[in-house]
Amino acid sequence: MIAKAELRFTRGSARKIRQVIDLIRNLSVKQAISILATVNKRPKVSVEKLLRSAISNAKNKGLKEDDLYISKIVADGAASWKRHKAAAFGRATGILKRTSHIKIELDLVSGLKK
């Protein structure tokens, strides 16, 4: 692990975020950014912002963007916001607004195991 970044309590379920991060796992940073540019899902915004943050962290350590790849990226569930919605006969039904934690780690391409 050369550089890492973490996004906590982002809105969106971990299941839907995993659909986006599975597309870029173990890819070079350049490829990941180009794939995220074409994805048409809402979590792409959060994932791309987090990836750019990790790249910036690596640049602060003196590394080049071309030498990096995504060695680890995970999305875990976090606390849910509990809300209520009006229902029939004066009742209320519960709504869970889910949140997630996303973690990303970058490593050097030369350290890639084949």
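Every number in this text was worked out from the coordinates using simple rules, so none of it is lab data. Small disclaimer: the values here were computed from a predicted structure and weren't measured. In this analysis, Cβ positions are derived from the backbone assuming ideal geometry, glycine residues included, and neighbour counts consider all displayed protein chains.
Overview of values
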{"quantity": "Least to most buried among S71, S53 (fewest other Cβ within 10 Å first)", "calculated": "S53, S71"}
{"quantity": "Extension reserve of the N57-R98 stretch, reckoned as 0.36 nm per residue once the Cα distance is removed", "calculated": "12.0 nm"}
{"quantity": "Gained length - D66 relative to V109, 0.36 nm times residue gap less alpha-carbon distance", "calculated": "14.6 nm"}
{"quantity": "Pairs from K16/K72; K49/K97; K16/K59; K61/K103; K49/K85; K41/K72 whose Cα-Cα separation, in the structure shown, is over 24 Å", "calculated": "K16/K59; K49/K85"}
{"quantity": "Value of relative contact order over the chain, rounded to a whole percent, pairs C-alpha under 8 Å and six or more apart", "calculated": "41"}
{"quantity": "Debye log10 I(q)/I(0) for the chain, one point scatterer per Cα, at q = 0.23 Å⁻¹", "calculated": "-1.22"}
{"quantity": "Chain lengthening between K30 and R11 when straightened (0.36 nm per residue, less Cα-Cα)", "calculated": "4.3 nm"}
{"quantity": "Label-reachable residues, the stretch 65-92, where backbone N falls under 11 Å from a point 7 Å from V39's Cα toward its Cβ", "calculated": "74-75"}
